[in-house]
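Novice: Let me give you the structure first, and then I'll get to my questions.
Throughout, read-outs are computed from the coordinates displayed, never taken from laboratory work. Everything numeric in this text was worked out from a predicted model, so none of it was measured. Because the Cβ atoms are built from the backbone with ideal geometry, glycine has one as well, and the counts that use them run over all protein chains shown.
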Amino acid sequence: MSTRTHDRTPPVSTVPELVDRAARLSRGDAIVLPGERVDFAQFAERTRTMARRLHAAGIAHGDRVGLLN
């Protein structure tokens, strides 16, 4: 995956890079749900927290994970 935000901005190659870039460059909402709004900085922090928890639970790169709510 390669996404450019501006001609002078180098492309990103992973979803985490894209989320981190959006957190740095955007002030808008990443997720809007009834009763909750999450901006890109909050979304980036939540994804990093989830990644740390999965890693601590023994999930490794390439493992498949299902998320239920």
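Novice: Under the rule that an exposed site lies in a DSSP loop and has at most 13 other Cβ atoms within 10 Å, name the longest stretch of the chain with no trypsin sites (Lys or Arg not before Pro) of that kind, not counting the sites themselves. Mind showing how you got there, number by number?
Specialist: Details: sites that count: Arg4, Arg8, Arg27, Arg64.
In the chain, the maximal stretch lacking such sites is 28-63.
Novice: Here's another thing I want to ask about it. May I ask for the angle, rounded to the nearest 10°, between helix 40-56 and the longest principal axis of the chain, with both axes built from Cα atoms and the value confined to 0 to 90°?
Specialist: Orientation of helix 40-56: about 30 degrees from the principal axis.
Novice: Moving on to the next point. Search the structure for amide H atoms under 5 Å from the amide H of Ala30, placed 1.01 Å from N in the peptide plane, and list their residues when 5 or more places away or on another chain.
Specialist: Amide H to amide H, under 5 Å and 5 or more residues apart or across chains, Ala30 pairs with Val38, Asp39, Phe40.
Novice: Here's something else I'd like to know. Can you give the Rg and Dmax of the chain based on its C-alpha atoms, in angstrom?
Specialist: 14.0, 40
Novice: Averaging sequence separations of C-alpha pairs under 8 Å and six or more residues apart, then dividing by the length of the chain, give the relative contact order as a whole percent.
Specialist: Computed value for the chain: 18 percent relative contact order.
Novice: For the range 14-25, in order, what is each residue's ³J(HN,Hα) by Karplus, 6.51 cos²θ - 1.76 cosθ + 1.60 with θ = phi - 60°, in whole Hz (x at glycine and Pro)?
Specialist: 10, 4, x, 5, 5, 5, 4, 5, 4, 5, 6, 9
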